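The structure appears below as structure tokens.
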């Protein structure tokens, strides 16, 4: 909607009227000049044409009345032309008047003026179009398609060979592998297979078979084992690397408090917690038999040592505990149960409980800011045994 401008001052209206009158006067004068020029041209044409002027030369002795009659008869063609030229002059005046009145709004805009003077009138005649930062970009809905990583022969070959690291690399790396699993684009990857480093065991995902036992177990080389615990060979080698790096960094010694626990061992461990805390309390700090990560051989509880070794609860307040929290992922380990994650994992925070998932997945886990394997792989939360 156009907002009316302020009323024009009297001086502006007088100026507009003067311009209109001057334009009309000039149009009339021009029309008169053109009419006179047309008449004179016609007379000159008659004077130079013998056939037209012969009548006057053959009757020199006629009386004034006869001459008048003859002149009237001889000038008939002139009277025939003159109305036509007068009509053209009238059309010219009419067109000039039309142009004049059509231009009045523009003249009025120029002469109306404003507080800023002539520049304002010029701005009205030559208005700049509004600035447009960017043209709208059309959007198109595209169907999202995902390619199953198991369509890659290299992924299938690595899985058949039992080489988990090679399968992850063939899928495009840790994050690509994770994303494929989380979005259902990894049909050949089984998160329930306890022989794989990506296995997820929780209160709603027990082992199958329930008394599963890994084939290759060994003590980590160069790592103090408080309870004589062992780990799967790949996890044991990774723990050795981590403990060595911590020692070289000057943070002190890290020992393995507990590693692999068989189904039978876990029965006793969980039973002692139930006796001390009751079932509800025990379920927050200990897994039921067949649901413990320790049974996979990929989990270990670590403690800090300075001569003697401290307890599990002591770790978080030590230099070793801080180093583990910040660097364990570099060696393929993650802190499995963090504070505040009980609604997802079903356990209270355990900064000492480490889980081996390999360096590629551990990097993706760390860089993605994940705090549970359930969320990492897009699985439902497991706060209880449901």
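The values are calculated or read from the model by the stated rules, or taken from the named source; none is laboratory data. The structure presented is a predicted model; accordingly, all values stated were derived computationally and were not measured. Cβ: placed from backbone, ideal geometry, glycine included. Neighbour counts: every protein chain shown.
Under the condition of being touching a residue at least 40 places away in the same chain (Cβ under 8 Å) and either in contact with a strand residue (DSSP E or B) (Cβ under 7 Å, 6 or more places away or on another chain) or part of a loop (DSSP other than H, G, I, E, B) (or both), the residues counted in the range 202-215 number 9. Filter the range 366-380 for residues that are part of a loop (DSSP other than H, G, I, E, B) and farther than 15 Å from residue 348 by Cβ; which is nearest to the chain's Cα centre (by Cα)? Across the range 366-380, the extreme among qualifying residues is 368. Being modelled with pLDDT under 95 and part of a loop (DSSP other than H, G, I, E, B) is a description that applies to residue 146. Just to be sure before I move on: is residue 168 at pLDDT 50 or above, touching a strand residue (DSSP E or B) at 6+ places or on another chain (Cβ under 7 Å), under 21 Å from residue 376 (Cα atoms) and surrounded by 15 or more Cβ atoms within 10 Å (Cβ to Cβ) in the structure I sent? For residue 168, the condition - at pLDDT 50 or above, touching a strand residue (DSSP E or B) at 6+ places or on another chain (Cβ under 7 Å), under 21 Å from residue 376 (Cα atoms) and surrounded by 15 or more Cβ atoms within 10 Å (Cβ to Cβ) - is not met.
Within the range 352-369, the set of residues being surrounded by fewer than 20 Cβ atoms within 10 Å (Cβ to Cβ) and at negative phi comprises 359, 363, 366, 367, 368.
Conditions tested, residue by residue: (1) more than 46 Å from the chain's Cα centre (by Cα); (2) surrounded by fewer than 17 Cβ atoms within 10 Å (Cβ to Cβ).
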{"residue": "253", "(1), (2)": "yes, yes"}
{"residue": "260", "(1), (2)": "yes, no"}
{"residue": "270", "(1), (2)": "yes, no"}
{"residue": "278", "(1), (2)": "yes, yes"}
{"residue": "281", "(1), (2)": "yes, yes"}
{"residue": "286", "(1), (2)": "no, no"}
{"residue": "289", "(1), (2)": "yes, no"}
{"residue": "292", "(1), (2)": "no, no"}
{"residue": "298", "(1), (2)": "no, no"}
